[in-house]
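Notes to accompany the following structure.
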There are 2 protein chains.
Amino acid sequence: MEPFSVHILGCGSARPTYKHKPACQVVSLRGKLFMIDCGEGAQMAFNRQGLNLSRLGCIFISHNHGDHVFGLPGLISTMALLGRTAELHIYGPKEVKAFIDMVEQLYCEGIDYKITFHAVDTKSHQIVFEDRSIKVWSIPLEHRIPACGYMFCEKAGLPHIKREMIDAYNIPVCQINNIKAGAGWTAEDGQVLTHEMLTVPAAPTRSFAYCSDTIYKPGLSSLIKGADLLFHEATYPEKLLYRAKQTYHSTARQAAEAAKNAQVKKLCIGHFSARIYDEVSLLKEAQDVFANTILANEGLIIEL
Amino acid sequence: MEPFSVHILGCGSARPTYKHKPACQVVSLRGKLFMIDCGEGAQMAFNRQGLNLSRLGCIFISHNHGDHVFGLPGLISTMALLGRTAELHIYGPKEVKAFIDMVEQLYCEGIDYKITFHAVDTKSHQIVFEDRSIKVWSIPLEHRIPACGYMFCEKAGLPHIKREMIDAYNIPVCQINNIKAGAGWTAEDGQVLTHEMLTVPAAPTRSFAYCSDTIYKPGLSSLIKGADLLFHEATYPEKLLYRAKQTYHSTARQAAEAAKNAQVKKLCIGHFSARIYDEVSLLKEAQDVFANTILANEGLIIEL
């Protein structure tokens, strides 16, 4: 099974602290990297994890608050300094465009690559990116400004050929791609070998849902059903529920409710308020509702 | 003597590395903090050194390259989140203004403090800031875009009163401020006590010159003569002199020449190229010309 991993580069909230950096994560699948949010210092954190900038082609921004975008100018500049020529695609609510345009205008004279911004409709649940390996869906969220999450859904790979069957029935090598694509084979003696007899099914597909920043949305569960991993913001403990509501954030308990309702396999909570020092109590609060919960932390790599 | 210290928060160049962060320094004098340049991550580095944002009133920017300004959006936002009301003054070449204006417009709705930008003429050597304790001079530099350094000159304090003379001659307490300000005193028996007899001179004043980014400028020495500390960029070793000239940077040897010509007391070199791994050889190269040289490093605090 190809590695599908999520790297936590920053899991703090608006104000960075000694412990936590502003929001940034990287999804790694089949050699490609996808960044989600790009808080200040993202390029340094990226570097520190030994990730390769040339493998990063797409950045998905959840919303246009500084702690989710202030790493873009530095990242864009460093890519230029490293001689990037490949197009960079940035996805996000339309409000993000003005910032990118300004950075390009003021600091990107003569850079050798193109930056293409794709406005994401934060009200709709739709595919915003697709390639051979992955589909990325937008997830409508509710925050003080337009915001959306993203669901990364691995596409099914081709089934694996049973080598011993190919050998036993003298099936020509030129047929292998057809068989992988779904065909069967009729042997010289007329025996019909079905596709299923010749192949082992591909590994089951995996998915990762990123939901930050948002007030608790019960309707979310249907959109992220059964995800292997859910990252859900948990800015506050339940005792500060009033504050979470005021600021359109969620509590740890609410993040766990979302995980439970959506029947995800694992929950990672983060986007911790700078005022919260006791994250273990956030973890306990979430685990009371959804046992398979972990705390995000800078440098954490979660394998799906 | 009041502490006068320089904190190195970042001393890398355009591309941050595992070792070095983008340019940022903080001058601390008599309870006030002055920032010089504000590369990405400046607010986090500031925080990590235990410095107090409410003491920071002025930021001096050398030039409008990303590695010297990309920390401004995050710093400005965090000040707002912390409830700042005091005006923030930013000094720098006029080109910096567009970036600050954009950050204010896009991300500072409803912030409770005023940001005032002061355009510095990078061609002239003049006082750009002055208060009771300090004068800050601009230093014309030569880089690919308009750039200037800054010289922080402590103002002389008042002389100290000789307590035993006050007691011996029964000088009224109400005269102390006059004497500190330069007056003498005539005793009851007619004896004239000069100002010098009644006081001990204030500690000698100190100065710090920051010169980055710049090609080597022999003319610099007259402007920074006798500084207690000179920070001079040393992006390259002497063997890459051609590259330094091409990019309007200096070599370690040239930084040391500047220190020697200006007869400064101490030299600190930094703004190291991301391609330079052997900083000790940069140090040796500089020390061959100017012995009292040290290497900048993140977290270094230099007491003047």
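The values are calculated or read from the model by the stated rules, or taken from the named source; none is laboratory data. Bear in mind that the values here come from a model prediction, so they are computed numbers and not experimental data. Every residue, glycine among them, receives a Cβ derived from its backbone with ideal geometry; neighbour counts consider all protein chains shown.
I'd like to check something: does segment B:214-229 contain any residue that is assigned to a helix (DSSP H, G or I), aliphatic (A, V, I, L, M) and not assigned by TED's automatic domain parsing to the domain that holds B:T293?
no
Look through segment B:76-91, keep the residues that are within 30 Å of B:K123 (Cβ to Cβ) and touching a Lys or Arg at 6+ places or on another chain (Cβ under 8 Å), and return whichever of them is farthest from the other protein chains (Cβ to nearest Cβ).
Checked segment B:76-91; the qualifying residue farthest from the other protein chains (Cβ to nearest Cβ) is B:E87.
Check segment A:71-78 and report whether any residue there is in contact (Cβ under 8 Å) with a residue 40 or more places away in the chain, assigned to a loop (DSSP other than H, G, I, E, B) and not polar (S, T, N, Q).
Yes, segment A:71-78 contains a residue that is in contact (Cβ under 8 Å) with a residue 40 or more places away in the chain, assigned to a loop (DSSP other than H, G, I, E, B) and not polar (S, T, N, Q).
In segment A:92-111, which residues are closer than 29 Å to A:R144 by Cα, more than 9 Å from chain B (Cβ to nearest Cβ) and surrounded by fewer than 17 Cβ atoms within 10 Å (Cβ to Cβ)?
A:K94, A:K97, A:D101, A:E104
If the Cβ limit is 7 Å and pairs must be 6+ apart or interchain, which residue in segment A:53-68 that is more than 14 Å from every other protein chain (Cβ to nearest Cβ) pairs with which residue that is hydroxyl-bearing (S, T, Y) and not in a strand (DSSP E or B)?
What qualifies is A:S62/A:S212.
If you go through segment A:25-51, how many residues are part of a loop (DSSP other than H, G, I, E, B), within 14 Å of chain B (Cβ to nearest Cβ) and free of Cβ contacts under 8 Å to residues at least 40 places away in the same chain?
4
Which is at pLDDT below 95 and under 14 Å from the mean Cα position of the chain (by Cα), of B:S138, B:S212, B:S133?
Step by step, each of B:S138, B:S212, B:S133 is checked, and only B:S133 is at pLDDT below 95 and under 14 Å from the mean Cα position of the chain (by Cα).
State all residues of segment B:147-172 that are under 12 Å from B:V200 (Cβ atoms) and among the β-branched types (V, I, T); if no residue qualifies, say none.
Across segment B:147-172, the qualifying residue is only B:I161.
In segment A:1-15, which residues are within 11 Å of chain B (Cβ to nearest Cβ), crowded, with 24+ Cβ neighbours inside 10 Å and part of a loop (DSSP other than H, G, I, E, B)?
Within segment A:1-15, just A:S13 meets the criteria.
When you look at B:L72, is it within 14 Å of chain A (Cβ to nearest Cβ), touching a strand residue (DSSP E or B) at 6+ places or on another chain (Cβ under 9 Å) and surrounded by fewer than 21 Cβ atoms within 10 Å (Cβ to Cβ), yes or no?
Values: within 14 Å of chain A (Cβ to nearest Cβ): yes; touching a strand residue (DSSP E or B) at 6+ places or on another chain (Cβ under 9 Å): yes; surrounded by fewer than 21 Cβ atoms within 10 Å (Cβ to Cβ): no.
So B:L72 does not fit the description; no.
Which residue, of B:L229, B:L223, B:L193, is at pLDDT 90 or above, over 25 Å from B:S5 (Cα atoms) and among the hydrophobic types (A, V, I, L, M, F, W, C)?
That would be B:L193, the only listed residue that is at pLDDT 90 or above, over 25 Å from B:S5 (Cα atoms) and among the hydrophobic types (A, V, I, L, M, F, W, C).
Which one of the conditions (1) among the small types (G, A, S); (2) in a loop (DSSP other than H, G, I, E, B); (3) buried (at least 18 other Cβ atoms within 10 Å of the Cβ) does A:G157 fail to meet, given that it meets all the rest?
(3)
Suppose we filter segment B:196-213 for residues that are assigned to a helix (DSSP H, G or I), surrounded by fewer than 18 Cβ atoms within 10 Å (Cβ to Cβ) and in contact with a Lys or Arg (Cβ under 9 Å, 6 or more places away or on another chain); how many remain? If you could, list the steps in order and put the result at the bottom.
Taking segment B:196-213 and keeping what is assigned to a helix (DSSP H, G or I), we get B:196-198.
Filter again for surrounded by fewer than 18 Cβ atoms within 10 Å (Cβ to Cβ), leaving B:196-197.
From what is left, the residues that are in contact with a Lys or Arg (Cβ under 9 Å, 6 or more places away or on another chain) are B:197.
Residues meeting the conditions: 1.
Any residue that is in a strand (DSSP E or B) and within 15 Å of B:F152 (Cβ to Cβ) - is there at least one of those in segment B:92-105? Spell out the reasoning first.
If we filter segment B:92-105 for residues that are in a strand (DSSP E or B), which is where we start, we get B:92.
Within this subset, residues satisfying the condition of being within 15 Å of B:F152 (Cβ to Cβ) are none.
No; the residues of segment B:92-105 include none that is in a strand (DSSP E or B) and within 15 Å of B:F152 (Cβ to Cβ).
Considering each residue of segment B:230-256, count those that are out of contact with any strand residue (DSSP E or B) (no Cβ under 8 Å at 6 or more places or on another chain) and either assigned to a loop (DSSP other than H, G, I, E, B) or of a type in the set (F, W, Y) (or both), and give that number.
Of the residues in segment B:230-256, 2 are out of contact with any strand residue (DSSP E or B) (no Cβ under 8 Å at 6 or more places or on another chain) and either assigned to a loop (DSSP other than H, G, I, E, B) or of a type in the set (F, W, Y) (or both).
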